[in-house]
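The values are calculated or read from the model by the stated rules, or taken from the named source; none is laboratory data. Note that the structure is predicted; figures quoted are calculated from it, not measured. Glycine gets a Cβ as well: all are built from the backbone with ideal geometry, and neighbour counts include every protein chain shown.
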Amino acid sequence: MLPENFPADAPEDLIPSIQAEMVYECIGCEKKFDIDQFLYTCPHCKSLLKIKNTSFSKIQERPGEYWQKVFDYRKMLNLNPLKGIFKFYEFIFPIIPLEDIIYLGEGDTPIVKSNPELSELIGIEFYGKNDG
């Protein structure tokens, strides 16, 4: 479905635009580094780096119910860059231009109920997800 076919009350953030600022942040010394570099470990203390969205507070300005509505509508879109895990673009890596996202079906595999013997063995219904 195309965005213009959605009802007038569809969320305005249906098609995201880059509005985030991200940095590497060292989990050891807490120094920050430009995300445009390609780093694995901290150049200063050699500890691990995490990627931090320094503008995450913008996302938090809208309630969770709003974001749920955005993601529900995105499920109906026929745009590959916003399928799978990138349906949650703002929470994944919101500085990647949509035209650079390659969708390979990740994140859309179903949860499958196990056979009755396994569920009986562990004492509850058991489900699995194959992302292999």
Task: Selection within region 14-29 - at pLDDT 95 or above and of a type in the set (Asp, Glu) - done: 25
Task: Positions within region 95-128 being more than 17 Å from residue 84 (Cβ to Cβ) and of a type in the set (Val, Ile, Thr), in sequence order - done: 95, 112, 122, 124
Task: The listed residue being part of a loop (DSSP other than H, G, I, E, B) and either touching a Leu at 6+ places or on another chain (Cβ under 9 Å) or outside the structural domain of residue 71 (by TED's automatic domain parsing) (or both), out of 103, 89 - done: 103
Task: Sole exception among (1) under 22 Å from residue 99 (Cβ atoms); (2) in contact with an Asp or Glu (Cβ under 7 Å, 6 or more places away or on another chain) for residue 49, by number - done: (1)
Open item on the list: Any residue at all in region 114-122 that's more than 15 Å from the chain's Cα centre (by Cα), at pLDDT 95 or above and of a type in the set (Ser, Thr, Tyr)?
Closed with: no
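Among the candidates 46, 83, 32, 50, which residue alone is of a type outside the set (Val, Ile, Thr) and at pLDDT below 95?
Result: 83 is the single residue among 46, 83, 32, 50 that is of a type outside the set (Val, Ile, Thr) and at pLDDT below 95.
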Task: Among (1) more than 23 Å from the chain's Cα centre (by Cα); (2) among the aliphatic types (A, V, I, L, M); (3) outside any loop (DSSP other than H, G, I, E, B), the one test that residue 23 misses - done: (1)
TODO: With respect to residue 53, determine if the residue is under 30 Å from residue 1 (Cβ atoms), in contact (Cβ under 8 Å) with a residue 60 or more places away in the chain and among the polar types (S, T, N, Q).
DONE: no
Task: Single condition residue 131 does not satisfy, out of (1) outside any helix (DSSP H, G or I); (2) free of Cβ contacts under 8 Å to residues at least 24 places away in the same chain - done: (2)
Task: Hits in region 16-31 (condition: surrounded by fewer than 11 Cβ atoms within 10 Å (Cβ to Cβ) and within 22 Å of residue 64 (Cα to Cα)) - done: 17
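Among 72, 13, 34, which is the only one that is of a type in the set (Asp, Glu), surrounded by fewer than 11 Cβ atoms within 10 Å (Cβ to Cβ) and not assigned by TED's automatic domain parsing to the domain that holds residue 131?
34
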TODO: Only residues that are exposed (fewer than 11 other Cβ atoms within 10 Å of the Cβ) and either without any contact (Cβ under 8 Å) to a residue 12 or more places away in the chain or more than 21 Å from the chain's Cα centre (by Cα) (or both): list them for region 37-50, please.
DONE: 37, 38, 40
- [ ] Please specify each residue of region 92-132 satisfying the condition of being within 30 Å of residue 34 (Cβ to Cβ) and surrounded by fewer than 14 Cβ atoms within 10 Å (Cβ to Cβ).
- [x] 97, 99, 100, 102, 104, 106
